1. Across the Cα atoms of the range 197-271, what radius of gyration and what greatest pairwise Cα-Cα distance (Dmax) are found, in Å?
2. Give the angle, between 0 and 90 degrees and rounded to the nearest 10, that separates the Cα long axis of helix 352-362 from the longest principal axis of the Cα atoms of the chain.
3. Helix 229-240 against the longest principal axis of the chain: what's the angle in degrees, Cα atoms only, rounded to the nearest 10?
4. Can you give me the Rg/Rh ratio for the range 272-325, using Cα atoms for both radii and the Kirkwood formula for Rh?
5. Among HIS65, SER101, GLY305, whose Cα projects farthest towards the positive end of the dipole of the chain, with charges put on the beta-carbon of Lys, Arg (+1) and Asp, Glu (-1)?
6. Across the range 405-452, how large is the tail of the calculated P(r) beyond 12 Å, expressed as a percent of all Cα pairs?
7. In square nanometres, what is the average projected area of the Cα convex hull of the chain?
8. Which number do you get for Rg(Cα) / (2.2 N^0.38 Å) in the range 537-653?
Amino acid sequence: MKKNKTCKSRNNVISRRDFLNGCALSMAAGGSLPPLEAMAQELVDSPTLPVDYYPPSLQGMRGSHEGSFEVAHAMRDGTTWQSVPSGESEYDLVVVGGGISGLAAAYFYRKQNGPDSQILILDNHDDFGGHAKRNEFWHEGRMFLVNGGTLNVEAPSQFSTIAAGLLWELGIDRTRYFEKNRKMFSFYRDMGLKSSMFFDRETFGSDKLVVGYNEQPIEEAIAQSPLGDDAKRDVIRLYRSKENYFQGMSAEEARSQLGRMSYRDYVTKVVGCHPDVIKLFRASFHGSLVVAPDAIPAIYFRDNGFPGFDGLRLNDLPRDLLANEPGGQHGRENSTRANEGDPDMYFPDGNATIVRLLVRSLIPGTVTGSSMEDVVTAAVDYSMLDRSANDVRLRLNSTVVNVNQDEDERVTTTFVNDNRAYTVRSKAVVMACWNTVIPYLCPQLSAKQKEGLAYGIKSPLVYTGVLLSNWQSFVETGISGVTAPGGFHTRIGLQAALEMGDYITARSTNEPIVVRMSAYFDMLGSGLSRREQHLEGRNRMLATPFNTFEYHIRDQLTRVLGPSGFDDERDILGITVNRWPHGYSYSYNPLHDSEEWAYTTTSERPAIVGRQRFGRIAIANADAAASPHTDAAINEAYRAVVELLESNQAISF
């Protein structure tokens, strides 16, 4: 195993071990008590973090990192804690979860209830942002960014007034953004670089890179693959046949049939293709549904332009189906609608830009600067997040283990920090964490509501950033990105060419650049449903150590780029692996869920049943919309705040 030659951290002093053993467990100044314990005993004023605390520059295993999930797993398994009051005054609002939805809930509450609202945000990770994490690499004094989680602002033209309004209030100007970045995804194409397909020997018999695979006629592209002759003929037939495989069925009957059968079964059993053909499409929906074609209805492939349906008699979905639901709906909405208006927005650190803008607004002085451009390179002082003078306090490394609706119309929240449990009281709580953990945190909820919350199983996925010293091997190979349907990482590509304020991605091939690599733990051929695959995939992910990820990173890049001079020992400067065992929110599909849930906004959907307010406890997160999109997180935050304020009759809006 080759050793990871990671670049130095932002401050040139923090190693991961130092961070875990020092910063995250720092002791109160002048004593041996942990900061929160000292605060509870009124020995110190605030549990501030050290001035050199800076998680974005940490490398190795990030995302759901060590120290962020152990308490929650112990709670799930029945562990209880003896708690003490934290010593803080009563808050107006406690928010459980410091991701986009939690921060947005604090923003909306403060906006509607008054700027002097006292709010505490609790998060189990060492950094704020939830899935919207920021990864920084530093090399020779220069910063290189990549998203560690939530990737982009998808279909911003379709955002609700609430979600679009929040982005505008935070200073995100789409017109100004696209003036600089209209060609962010065409930059490499204009250089002559193409997308490609990599056939690996373990899956297809031999290693073969087909440059421009999707830009050639299928006959030419598949001829270059290592597939056998029978499979090659069937691929061409799948793409070119005009046969109606559902003779005698009406358009409505055919659509219903395709909704109840997987694309794998359609291709192999109905069209009659060789089993190897379906391997080509393994990664087709990895970026949205995080499973292979055996767990995705065939109708989703048809409605998104995949082959095999030209001879069928089918009606298209209504143009405005689910138009008021967040995001692109992952196969359920007429796919042309999401492509109208502005294209997706992608910031250098993904939607961590939105998170930084929210923190800048909520806690003045924490994030320097004043615009969406300068927030990309802004300094963040983590020691200011949780000071007693703040109206809004953001407390990291704090896992909530209980939220209780008290008889006096107040809520008590218990959280664990540094293996000690503390309680805080508030007038209201917004649960902006994952739905599946809420039944454990709120045992007072009804069995029906707990069942609704537990239904959706979040998708396991991994986003990896690799800093390369140059990208000449990509140019020599003639590619900007790779789909590897049989590979450990099924998506590999150069980061989008962006310009935001002082931050500009590499324009010269001699400059360092970040390569994005994505891994999805599907279970093709297992016979498991999508929800079952997510559970099994999560277990596999958590059992995969960093050195296994590193091995596959180096192995895949070498096999694809090695013939053009790539050398992993020389060219890799840093690696950050962001694992998300609880990744995308679960969205419904007719293969494994009710067709009504998939295609209508019925209140019977588990997400709707689960998100109902309980006393002074409201629920806000993307899970509550059954949609893994940023606008879903924002919309649900607003709804939760409205429910709380209207129930309290504090304000009407």
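The values are calculated or read from the model by the stated rules, or taken from the named source; none is laboratory data. Keep in mind that what you see is a predicted model, and the values were worked out from it rather than measured. Cβ placement follows ideal geometry from the backbone for every residue including glycine, while neighbour counts extend to all protein chains displayed. Note: areas computed on protein heavy atoms with side chains; ligands, DNA, RNA excluded. Shrake-Rupley method; radii C 1.70, N 1.55, O 1.52, S 1.80 Å.
1. For the range 197-271, the Cα radius of gyration and maximum Cα-Cα distance read 15.3, 44 Å.
2. The two axes meet at around 20 degrees.
3. That helix lies at roughly 80 degrees to the long axis.
4. Ratio of gyration radius to Kirkwood radius: 1.01.
5. Working it through, the farthest residue towards the positive pole turns out to be GLY305.
6. 70 percent
7. Working: hull surface 112.0 nm².
Mean projected area for the chain: 28.0 nm², to one decimal.
8. 1.63
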